[in-house]
1. Could you work out how far apart the two model spin labels at Thr222 and Leu207 are, taking each label as a point 7 Å from the Cα in the direction of the beta carbon, and quote it in nm?
2. With charges set only on the Cβ (+1 for Lys and Arg, -1 for Asp and Glu), what does the dipole of the range 259-392 come to about its Cα centre, in debye to the nearest 20?
3. Residue farthest toward the positive end of the dipole of the range 240-386, with Cβ of Lys/Arg at +1 and Asp/Glu at -1: which of Leu247, Ala263, Leu379?
4. Using 10 Å bins from zero, what percent of all Cα-Cα pairs in the range 11-126 falls into each bin?
5. I'd like the orientation of helix 321-345 relative to the chain: the angle between its Cα long axis and the longest Cα principal axis, in ° from 0 to 90, rounded to 10.
6. Assuming R0 = 56 Å, can you tell me the calculated FRET efficiency for the pair Ser285 and Lys245, based on Cβ-Cβ distance, to the nearest 0.05?
7. When you take every Cα atom in the range 132-232, what is the radius of gyration, and what is Dmax, the widest Cα pair distance, in Å?
8. Just need the relative contact order of the range 132-232 here, percent rounded to a whole number, with Cα pairs under 8 Å and 6+ apart.
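Just so it is clear, none of the values below were taken in a lab; they were calculated from the coordinates. Owing to the predicted nature of the structure, the values given are computational and were not obtained by experimental measurement. Neighbour counts are summed over all protein chains in view; Cβ atoms, including those assigned to glycine, are modelled from backbone coordinates with ideal geometry.
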Amino acid sequence: MDNTGFDFYKLETFMTDRQRRVRDAVREFVQSEVLPNINPYWDRAEFPREVVMKMRDLDPPIVGGIIRGWGSAGLDPLEMGLVMYELAKGDGSISTFYGVQSGLAMGSIGLLGSDEQRERWLPGMARLEKIGAFGLTEPDHGSDATSIETSAVRDGDDYILNGEKRWIGNASIADVLIIWARDEEGGIGGFVIEDPQHVEGVEICDLQGKIAKRGVLNAHITLRNVRVPAENRLAKTRSFADIGKVLTIGRVGVAWEAAGVAAGAFEHALTYARERKQFGRPIASFQLIQQKLAEMATEVTLMQLMCFQLSQLLGAGQITPGMASMAKYNNARKARYVAALARETMGGNGILIENHVARLFTDAEAVYTYEGTNEVQLLLLARELTGIDALA
Ligand SMILES: Cc1cc2nc3c(=O)[nH]c(=O)nc-3n(C[C@H](O)[C@H](O)[C@H](O)COP(=O)(O)OP(=O)(O)OC[C@H]3O[C@@H](n4cnc5c(N)ncnc54)[C@H](O)[C@@H]3O)c2cc1C
């Protein structure tokens, strides 16, 4: 393996100079800032603010993903994917933070906000002066998020929000919290609560005891008669289909993230297998270990190929929700498998977080479930294939 990481089918030769520069800037950030510092944060289940804030110094910039304008990075879809891939190779909490900030939160405002709303929130978020969160899931509605019950009732120039949200990443440190809620007409809107920690009626408690992505905080939110100015309703949000547009792009990012988790675990296992000796020989010389390495390499390559083409389709405006679901389904499942093979290749050392694979192994569990579980991705894909909605 050369210094560009595992790239067996030489996808790098199909990248532009700028795409390579973006990838290399993130790779350098992961090597110099993430890997040397992340483990104590993970151990304490603490948000690595000092590490994350250094993301804003990257050249080319990456915060804001594919949003063009309003201070955002304006990445192309392949660059956006490479950012997720490289961050996830290092640590899944950092990639999740980036995905929530640049994809779900800024992406909702960029895709569904008015120009005035974009101008108001995006520049500060792009500089990481404002942290974003995306509140869709509720205690009683995860896979069936189309049935969310949080209500938004119009009262003069405000909406009054009531309900509960669960699992919301970045919420307890958020400056811009988007709450998805149902209005009196049955429509769905995205309502931006600014500085939520200081808004009357908002209670945010971080979930404790999480085994995966321990460096990113996920919260339970209770909303009791929370007043939100009507001008804070994202201008183009009327139905669940609007959220679907954000989630389709989000799933492209998560497919890349899963590929990164798998590639990171595989690269660590390959290095380890060449160095670790048992029975007087490197364990990489044993056929049963070679089988695991060859299998991991093949799965990682398939994941990379799928992601590469998915980004081309997104860039060409030809992506469908089913295409994103297929890649999220395949890669999340395979990331779990590859991370487990890598973990076992490293024996007891694979259990220690100091060797990094244990962290990636648990990150794969969260990737498997969030932004739609594997079952949900299969059903979304099958809906596109058959024209029949099994989730209705
Ligand atoms: C680390 C992490 C971070 C997250 N971050 C956010 C965030 O920032 N914002 C946000 O809004 N949400 C977030 N989520 C929530 C996430 O999107 C949900 O966990 C996910 O959609 C699944 O919902 P659930 O956990 O309620 O599981 P459930 O929907 O209760 O599912 C339980 C099981 O039943 C299966 N199932 C459900 N329905 C069907 C069906 N029709 N057919 C077959 N099987 C079915 C599921 O696949 C799953 O295996 C996060 C979750 C995690 C774990």
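1. Between Thr222 and Leu207, the simple spin-label model gives 1.8 nm.
2. Dipole about the Cα centre, nearest 20: 460 debye.
3. My answer, from the dipole projection, is Ala263.
4. 14, 45, 31, 10, 0
5. 40 degrees
6. 0.65
7. Final numbers for Rg and Dmax: 13.0, 44 Å.
8. Computed over the range 132-232, the figure is 32 percent.
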